[in-house]
Amino acid sequence: MAFFDALRDIRRIKNVVGVMFKYELGYFLEKLDLKNYLPFNKKLQTTKFSKPDSIPKRLRLAIDELNGGFVKLGQLLSLRPDLIPKEYCEEFSKLQDNVNPLSYRQVKVVIENEFKISLNKLFLDFGKEPIASASIGQVHKAQLKTGEFVAVKVQRPDIENLFEADIDLMYKLAKILENNIPETKIYRPIQIVKEFEDYTKKELDYTLEAKNIDDFYNLNKDKEIIAPKVVWEYTKKKVLTMEFIEGKKIHEIKNFKEINSDPKIIMKNIASSIIKQILEYKIFHADPHPGNLLLLGKNKVALLDFGIVGRLNDELAEKIENVFIALMKPDSKLLTESLIDLNFAESHVSQNELKNDLSVHLSRYYSIKSENLNLSEAMYDLLAIARKHNLQLPDNFVLLIKSLITTEGLAKIIYPEFNFIEELRPYTNNLIKKKSSTRYVLGSLKEILLDFKNSISNAPREIKKTVKAIQSPKVKIDIDDTDIQKFVIELDRSSNRITFGLIIAALLVGAALVFAADLPPYIFNLSLMGIIFLIVAMIVSIMLISSIRKEGRFKR
């Protein structure tokens, strides 16, 4: 099998090299030391090995011809402006699945293998021609025994093996790229392939997409933006069945009056829904481009294709809210702190340099009126700065940005006068009010005190772990018993001081938060609770200072 896998990879790499040469990307073949895979006569065409212009377009055309996993990789990269430059993102967004549809016989075999029952017993009627086709699967209209019309998404029978082969080759190419062109390491080619592999595994399991659809359906029932209902009894890993929604794609609409709709209202509904998905529901459609929307009439819209969905936990959502507030205020200091807070890499980041770059690059957006502000440009600049400083931002945050960028691009098609910033502003104002409210301040204080309590509670356990590690036969320590006693005494004293210090810090932070929130009741025009916190902090400080002085006299 290893021999046949190697043979398969060689054939595919020759295919890749030939296509790259065709689109005058020979310069990179030479850099990557892949020139030897070309026929002898092509190796002699030296003009094809000079650096070309229009590289993003040439690369997109090459990917389009290579098809298979390479097209899916390009489509995914179009959603990741944090990984590749803007011009590549925009070019890759033009990639379309270019595959021949499955035959009815092939579709029938897949469905019957999944359900272990004949197609005729499952459906009252099943359309033999697909209504949509893509690289992973295709969609057919069918009718259940109950009479309900459904859309059935069927996965290609050989797609898992084909993608596995392409991903294996992508890893090899990524390693060659990093080794031969060191400057590409900033884009982390191997990491890109790893992320692509993870996304592909999720997309190849239709039950995961069905769960995404189900979540959107339950969140958007009876609203202006809807999602289809999943028919779980007819859904498996390779077959996804959902209600059939009758509607029109945007390019099919010549006049919105024909569907009794107003483009301004439609766009407002879409933008409002995307913002709510991000800030309220914490689950959002990552790619709301025109092909993933159906216009239903009366200003209603259906979202389709939930293969890639962003999800935010409470901690990440809190950090992202700070980014939104910083962008809308504007506040470059808060924006710098928020981006560093989002960064999960261990690399050192210079706050001053990052703040300076943000101020220089984003100042032009702050100086113009909101109706003239291009959110997409500002977001692309933000990600370019993050990449320059090697900030590794969470995937879901980048998908969120791409979702906003795509939504703004959608507005240019549906209603060019639409102002996305003005739609976003009320939500941001509500965030500012929420974060300055008494309930939020007290909640934050409760969390700080809870963290403090947990730190104190966990201290004995952590000390036991340390002692246990020291007692391990692998660790040898040669000290006298008296040294141990001294060490324990000093450790006990230090622990007490740290505990007092943490209590004082928590009280001071609590006082600051209470004073900032201006909580009643008042005494001398100051919050009474804040004054109490300060007094207790002062008492604990005196106790700590007194303890340290006594220890000093004892030692003397």
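Results, tabulated for the structure shown:
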| item | result |
| --- | --- |
| Sole exception among (1) touching a residue at least 60 places away in the same chain (Cβ under 8 Å); (2) surrounded by 18 or more Cβ atoms within 10 Å (Cβ to Cβ); (3) among the small types (Gly, Ala, Ser) for ALA165, by number | (2) |
| Pairs with Cβ under 6 Å, 6+ apart, first in the range 277-297 and under 24 Å from ASP262 (Cβ atoms), second of a type in the set (Ser, Thr, Tyr) | PRO288/THR406; PRO288/THR407; HIS289/THR406 |
| Positions within the range 93-106 being out of contact with any Pro (no Cβ under 8 Å at 6 or more places or on another chain) and assigned to a helix (DSSP H, G or I), in sequence order | TYR104, ARG105 |
| Which numbered condition LEU424 misses (of (1) over 19 Å from CYS89 (Cα atoms); (2) surrounded by fewer than 21 Cβ atoms within 10 Å (Cβ to Cβ)) | (2) |
| Matching residues in the range 16-30 - criterion: being part of a helix (DSSP H, G or I) and among the hydroxyl-bearing types (Ser, Thr, Tyr) | TYR27 |
| Test result for LYS202, in contact with a helix residue (DSSP H, G or I) (Cβ under 6 Å, 6 or more places away or on another chain) and surrounded by fewer than 17 Cβ atoms within 10 Å (Cβ to Cβ) | yes |
| Subset of the range 514-535 (residues that are surrounded by 13 or more Cβ atoms within 10 Å (Cβ to Cβ), in a helix (DSSP H, G or I) and at pLDDT 70 or above) | LEU528, MET529, GLY530, ILE531, ILE532, PHE533, LEU534 |
| Identity of the residue in the range 145-160, under 27 Å from the mean Cα position of the chain (by Cα) and modelled with pLDDT under 90, that ends up surrounded by the fewest Cβ atoms within 10 Å (Cβ to Cβ) | GLU160 |
| Filtered residue count, the range 221-235, keeping only those that are under 26 Å from the mean Cα position of the chain (by Cα) and surrounded by 19 or more Cβ atoms within 10 Å (Cβ to Cβ) | 5 |
| Any hit, the range 248-270, residues being in contact (Cβ under 8 Å) with a residue 40 or more places away in the chain and of a type in the set (Gly, Ala, Ser) | no |
| Selected residue (criterion: farthest from SER78 (Cα to Cα)) from residues of the range 27-62 that are surrounded by 15 or more Cβ atoms within 10 Å (Cβ to Cβ) and of a type in the set (A, V, I, L, M) | LEU38 |
| Residues satisfying the stated conditions in the range 31-79, i.e. in a helix (DSSP H, G or I) and polar (S, T, N, Q) | ASN36, ASN41, THR46, THR47, GLN75 |
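Let's see how each residue does on (1) over 33 Å from the mean Cα position of the chain (by Cα); (2) not charged (D, E, K, R):
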site: LYS22; (1), (2): yes, no
site: PHE28; (1), (2): no, yes
site: LYS31; (1), (2): no, no
site: LYS57; (1), (2): no, no
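Residues checked against (1) within 19 Å of PHE306 (Cα to Cα); (2) touching a helix residue (DSSP H, G or I) at 6+ places or on another chain (Cβ under 6 Å); (3) at pLDDT 90 or above:
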position: GLN75; (1), (2), (3): yes, no, no
position: ILE111; (1), (2), (3): no, yes, yes
position: GLU114; (1), (2), (3): no, no, yes
position: ASP125; (1), (2), (3): no, no, yes
position: GLN143; (1), (2), (3): no, no, yes
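Per-residue answers, yes or no, for (1) within 30 Å of ASP287 (Cα to Cα); (2) exposed (fewer than 15 other Cβ atoms within 10 Å of the Cβ); (3) out of contact with any Phe, Trp or Tyr (no Cβ under 8 Å at 6 or more places or on another chain):
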{"residue": "LYS22", "(1), (2), (3)": "no, no, yes"}
{"residue": "LEU25", "(1), (2), (3)": "yes, no, yes"}
{"residue": "GLY69", "(1), (2), (3)": "yes, no, no"}
{"residue": "PRO81", "(1), (2), (3)": "yes, no, no"}
{"residue": "ILE84", "(1), (2), (3)": "yes, no, no"}
{"residue": "GLU90", "(1), (2), (3)": "yes, no, yes"}
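The values are calculated or read from the model by the stated rules, or taken from the named source; none is laboratory data. Bear in mind the structure is a predicted one, so any value in this text is a computation, not a measurement. Cβ atoms come from the backbone with ideal geometry, glycine included; neighbour counts cover every protein chain shown.
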